[in-house]
Amino acid sequence: MGCVYICRLLWNYKLNLTTDPKFESVAREVCKSTIAEIKECADEPVGKGFLVSCLVDHRGNITEYQCHQYITKMTAIIFSDYRLICGFMDDCKADINLLKCGSIRPGEKDAHSQGEVVACLEKGLVKEAEETDPRIQVSDQCKKAILRVAELSSDDFHLDRHLYFACRDDRERFCENVTADLALCHQCTETHSAIPMCLLQCRDALTTRQKLIAQDYKVSYSLAKSCKSDLKKYRCNVENLPRSREARLSYLLMCLESAVHRGRQVSSECQGEMLDYRRMLMEDFSLSPEIILSLVRGEKGNVGLNCQQALQTLIQETDPGADYRIDRALNEACESVIQTACKHIRSGDPMILSCLMEHLYTEKMVEDCEHRLLELQYFISRDWKLDTVLYRKCQGDASRLCHTHGWNETSELMPPGAVFSCLYRHAYRTEEQGRRLSRECRAEVQRILHQRAMDVKLDPALQDKCMIDLGKWCSEKTETGQELECLQDHLDDLVSECRDIVGNLTELESEDIQIEALLMRACEPIIQTFCHEVADNQIDSGDLMECLIQNKHQKEMNEKCAIGVTHFQLVQMKDFRFSYKFKMACKEDVLKLCPNIKKKVDVVICLSTTVRNDTLQDAKEHRVSLKCRKQLRVEELEMTEDIRLEPELYEACKSDIKNYCQNVPYGNAQIIECLKEIKKQLSTRCHQKVFKLQETEMMDPELDYTLMRVCKQMIKRFCPEADSKNMLQCLKQNKNSEVMDPKCKQMITKRQITQNTDYRLNPVLRKACKADIPKFCQNILNRAKDDTELEGQVISCLKLKYADQRLSPDCEDQIRVIIQESALDYRLDPQLQMHCSEEISSLCAEEAAAQEQTGQVEECLKVNLLKIKTEMCKKEVLNMLKESKADIFVDPVLHTACALDIKHHCAAIPPGRGRQMSCLMEALEDKRVRLQPECKKRLNDRIEMWSYAAKVAPAEGFSDLAMQVMTSPSKNYILSVITVGICVLFLIGLMCGRITKRVTRELKDR
């Protein structure tokens, strides 16, 4: 207690010493001219000690040597003992007692050092700023006095006694060559802060000093001095502003940064000081009281809104977007990446951050740098001004189009987060829509969009509106880029606000797919090889994605790119707006013809149905515009490549795909082809959908993706000018060409087999036999069900009528072609294949296994007709024999054997209706004519077969009998016999008539 009492006496003694009139009288004598120059000091009252205090305040302006020396000594005396300037005691007496700062602590090195008093007050001031509801508050007068004392001691490390004694040993140890400037001392001690058990007291004292600087920039002598003229020039310390705002370091930094961002000149010394203090604020969150006050976490562990806003303010104050080096954690974490990936950019350039973003998720990026970069970009993405390059290039456009204010000014009508949304809406406007961005600003907006697309957290609106949906649908999607893909996949399930945001972003991607930076990175090889011309266009307009889709199955295509392109195609199906070129070409047609239809697939069906109807009805003017019809064709062709792009078909066949095509890839229409090949095994609903698809493809073969892909080169060779609807017909006509590609030939055969299962799948036949089918085959149509194949029954019916020569000329021509083709390949005759499957396996297995079918199986069945036990199979073979009697061209084996004889003996006879066959039969009976041995042998075989057929299958009626006679090779002989018979009957009739007439007359005479 005695020591404390003595210390207080000493404290009061030193206080009285500073108010001694002797000090003042000496000052008035030594500094007479200086006092006259400084009006503020000349007006101080006499005898209260205020004059010395005033001269100490203005010591930086004293030019008189003796006065300067005296005041310097007085400053050392005042600050070294008790650091109390006259007037300070009056302002802070009550606060000293309240905070219990009026006594020294025993055990200190210097018992007379009263620097602890001011240090105690400073800590109380700092503590008050960091508490929401402070228990003890420092009075306003004392606050000003404390900050004034700190300001006066800021130019010399020795004048802050508490700081001096706390850091003296450490300064001498680590920073002996550093001047007394507090800022330089702080930088030096920070450099050695990692040394254990040193600097603890010093760091504490320095942190207190930094917190005071954050409250009043004048506490930093070097900053106030370096930026004095700039502050005045740009009106950053306007007198009418409250000191609490104008003096804050954050206000000063933002005011001067605003001038820099506007392109104004700020001195290099001031910018250097600003850089140091921006880095200081960035490195220690405790220097920002708002952050400490808001350190409250949300219910789900998310950072509270107040804390997030405080952090956002800190980022604006420190402006690391202008110089990444301000963020020490980022600078250290990304040093290796910068040295390798961004070494071509000057150190400190704002484009370093952009370069790092371009290399995000690449091999050059390291994990620690990735985390630090995303942390910073999270805040930069929420205020467009924090991207220095964007602000510089777009501030004019933002002011003109989005009504923004200065760099450090905000508006409730246009908050910082909404400005970028405004800019990108104008970036993608067409010239017709007007008010577009400048070229430089548009390029920057695209750059930002490309970078933000890498992570949903970098899109403020998306993260804000979709937080619930991300948790509900995408909690397991943690890989890069998966969250947005997941939201797009669940678009229809999202809440309306999130759905709108995701929809708008997807619509934007459809116009400029380069926004999808990860996809572009994966597709870079294919772009460079096939799409470099459209990729170089400043305005994408959907051309690049269209090119990628067209080249999706090139050998250069990698798996990641193919998956990304396919995913985008699937997303496009959800809304026709997601296909930019389709939307722009057809939006007017959709509004007029397909209102209220949203899904792309439904819009395509609606428009294509309209086009088809107009075409079938030979409308003078199409309702769908030409530009829309062209783009519609592109969309239709793209949809045929993957069954998932046709949702109705995919949903109907999901279970069948799982059961029968589980290991088949989706691309290249392979699933669709798989379903076609096992059509008979499919579920009813899937079977019907596949049949409808085949009907559409046969009507327009260009929509048959597999056929077009496999036969691409053959189409160029044989059908370069053929209409898309006649493509398959053209290929069929050239199928047996020597230069026909085997794979294409095999595919054509598959399509022929499909066509022959149902006349509805053969548009040419359907049109040619429009009248014949209901006339001759109505009973089959009556038994048939909708959307089910007729298994070749109608075509078999028409074949029989062809043999009877009862078809119309056009229908006869088409049936002849079908008979000729099926005579060469039994697989083209569904009825034969269905009824004779066992006989083919047992009697003609070798012929059926032949790589190329040339009629061997049919010939085998004809030869083994007597061995066939199944009635239906026997009937089909007999029908084949019947058809061959009608035309030799439908019997390829016989026609090949007799080709030379037809040329020599029957060249003048037109083919068809059995005429050439009759010619050969007459030549066979004519002993003067010598036929080729093979032809003669085959003809004799056919006569035996026809003879057997006549026995086995006699004529069912007079019409069949007449037709058999007319088509018989012995037709002339039979007709002669019939004629003679008729003549004999006629003569007998005449004679009988005469006798009857004579008898009647005799009876009358009686």
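The values are calculated or read from the model by the stated rules, or taken from the named source; none is laboratory data. Since we're looking at a predicted model, the values are computed, not measured. Using ideal geometry, Cβ is built from the backbone for each residue, glycine included, and neighbour counts are taken over all protein chains shown. Calculation scope for accessible area: heavy atoms of the full protein, side chains included, ligands and nucleic acids excluded. Shrake-Rupley method; radii C 1.70, N 1.55, O 1.52, S 1.80 Å.
Once backbone amide H atoms are built at 1.01 Å from N, Asp575 has Lys600 as its partners under 5 Å, excluding neighbours fewer than 5 places away on the same chain. Note that segment 577-625 presents 58 Å² accessible area per residue, ligands and nucleic acids not counted, probe 1.4 Å.
Computed over neighbours whose Cβ is under 11 Å from that of Asn762, the net charge equals +3, Lys and Arg +1, Asp and Glu -1. Rounded to the nearest 20 debye, the dipole magnitude of segment 607-695 is 160 debye, with +1 charges on Lys and Arg beta carbons, -1 on Asp and Glu beta carbons, and the Cα centre as origin.
Other residues lying with their Cβ under 12 Å from the Cβ of Ser737 contribute a combined charge of +2, Lys and Arg counting +1, Asp and Glu -1. Taking packing as the residue-averaged number of other Cβ atoms within 10 angstrom, the listed peptides 506-512, 977-983 run from highest to lowest as 506-512, 977-983. Here the accessible area is traced with a 1.4 Å probe on the protein chains. For segment 860-919, carbon and sulfur cover 60 percent of it.
Which shape class, rounded, prolate or oblate, goes with segment 815-877 when its Cα gyration tensor gives a ≥ b ≥ c as root eigenvalues, a/c under 1.5 marks rounded, and past that a/b bigger than b/c marks prolate? Oblate is the answer for segment 815-877, as a/c is 1.5 or above yet b/c matches or exceeds a/b. Its relative contact order, with pairs defined as Cα atoms under 8 Å and 6+ residues apart, puts segment 506-656 at 20 percent.
Highest mean packing first, where packing is the average number of other Cβ atoms within 10 Å per residue, the peptides 867-875, 443-451, 629-637 line up as 443-451, 629-637, 867-875. Quick one: Debye curve from the alpha-carbon atoms of segment 586-661 only, equal weights, vacuum; give me log10 I(q)/I(0) at q = 0.26 Å⁻¹ to two decimals. For the requested q values the scattering log ratios are -1.21. On the protein heavy atoms, probe 1.4 angstrom, tell me the percent of accessible surface of segment 504-562 carried by carbon and sulfur. Accessible surface attributable to carbon and sulfur in segment 504-562 totals 45 percent.
Each peptide in 314-324, 612-622 receives the mean, over its residues, of other Cβ atoms within 10 Å, and ordering these scores from highest gives 314-324, 612-622. Accessible area ranking (1.4 Å probe, heavy atoms, ligands and nucleic acids excluded), largest first, for Phe50, Phe285: Phe285, Phe50. Net charge in the neighbourhood of Gln793 (other residues with Cβ under 10 Å of its Cβ; Lys, Arg +1, Asp, Glu -1) is -2.
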